[in-house]
Amino acid sequence: MPRNVAEERLTFSNDLKGAVQQCEILFIAVGTPQDEDGSADLTHVLAVAEEIGRSMNGFKIIVNKSTVPVGTAARVRKTISALTSHPFAVVSNPEFLKEGTAVDDFMSQTVCVIGTDDPKVEQAMRDLYEPFVRTGHPILVMDNASAELTKYAANAMLATRISFMNEIARLCDAVGADVRQVRLGMGTDTRIGASFLFAGLGYGGSCFPRTSRRSSAPATTPSSR
């Protein structure tokens, strides 16, 4: 990081308006806490969208990295449209980073999902990400709704694998089997694979519990509570 700052490839600012006006591609990467019913609170996402709308000085590509429910791209587009006459595009680009290794995961991405139906925007996003997918992993382009749901589906699948293996561990304890051997046997099946098959305390973190609980819950904002 110090080297990139020194060579002016990386800068920091709390001047949102100035940053918006200097850049063509803008990322929204803020928290989406869950309400008591598990629904997603988009207060922060839409607040940033409003600030972008007020600050725009030309065409912008607004990229949503936050974990959000299906339909958020349309809400961001509606929010910004009410505040500017400048043209813009909204892209869904969910993150698949692990806490503690986020920078390394970003620099060598195995999953890159881009939600857009605009060929020019798609090319701009490909140009941005191609240096980070040199290992051969594809950039997947789809519609916004599919991109948004992909993040929820991936988290739900991983949470399911962890929970399933914990149930298998309980069964092993009951019948005298070794869950480590069972895991190895399952993992060698190419239809299953070995990832996320370790029995343990269960899943946690800031993402799995939220997305597995809110996967079917509607998004909310303060005005709809």
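The values are calculated or read from the model by the stated rules, or taken from the named source; none is laboratory data. Here the structure is a predicted model, which means the values were calculated and not measured. With ideal geometry, Cβ positions are generated from the backbone for all residues, glycine too; neighbour counts draw on all protein chains shown. The accessibility values were calculated without ligands, DNA or RNA, using every heavy atom of the protein model including side chains. Shrake-Rupley method; radii C 1.70, N 1.55, O 1.52, S 1.80 Å.
Can you give me the long-range amide H partners of Val63? Hydrogens built in the peptide plane at 1.01 Å from N, cutoff under 5 Å, separation of 5 or more residues or another chain.
Leu26, Phe27, Ile28, Val91
Could you please put Leu201, Leu16 in sequence from largest to smallest accessible area, using a 1.4 Å probe? Walk me through the numbers on the way to the answer.
Values: Leu201 185, Leu16 70 Å².
Per-residue accessible area, sorted high to low, gives Leu201, Leu16.
Dipole of segment 38-190, Cα-centred, from +1 at each Lys and Arg C-beta and -1 at each Asp and Glu C-beta, to the nearest 20 debye?
Numbers: 15 positive and 18 negative charges, 37 e Å.
For this selection, approximately 180 debye.
Rolling a 1.4 Å sphere over the protein heavy atoms, what is the accessible area per residue of segment 1-151, to the nearest Å²? Show your work: numbers first, answer last.
Details: 8420 Å² over 151 residues.
Normalised by residue count, the accessible surface of segment 1-151 is 56 Å².
So for each of 126-133, 25-32 I average, over its residues, the number of other beta carbons within 10 Å; can you give me the resulting order with the highest mean first? Intermediate results must be reported in sequence, preceding the final value.
On the way: 126-133: 13.2, 25-32: 16.9.
Most protected by this proxy first, the peptides run 25-32, 126-133.
Quick check for me: using +1 on Lys/Arg Cβ and -1 on Asp/Glu Cβ, what's the dipole size of segment 1-42 about its Cα centre, in debye to the nearest 20?
Values: 3 positive and 8 negative charges, 81 e Å.
The calculated dipole for segment 1-42 is roughly 400 debye.
Would you mind computing, in nm to one decimal, how far apart the modelled labels at His137 and Thr190 are, each placed 7 Å from Cα along Cα→Cβ?
Result for the modelled spin labels: 2.1 nm.
In whole angstrom, note down how far apart the Cα centers of segment 44-79 and segment 7-24 are.
17 Å
What ranking, highest mean first, results for peptides 188-199, 70-81 when packing means the other Cβ atoms within 10 Å averaged over each residue? Write down the numbers at each step before the final one.
Values: 188-199: 11.8, 70-81: 18.6.
Those peptides, ordered most packed to least, come out 70-81, 188-199.
Quote the FRET efficiency, to the nearest 0.05, computed for Lys17 versus Phe164 with a Förster distance R0 of 35 Å and r equal to the Cβ-Cβ distance. Walk me through the intermediate numbers first.
Numbers: r = 49 Å, r/R0 = 1.39.
After rounding to 0.05, the efficiency reads 0.10.
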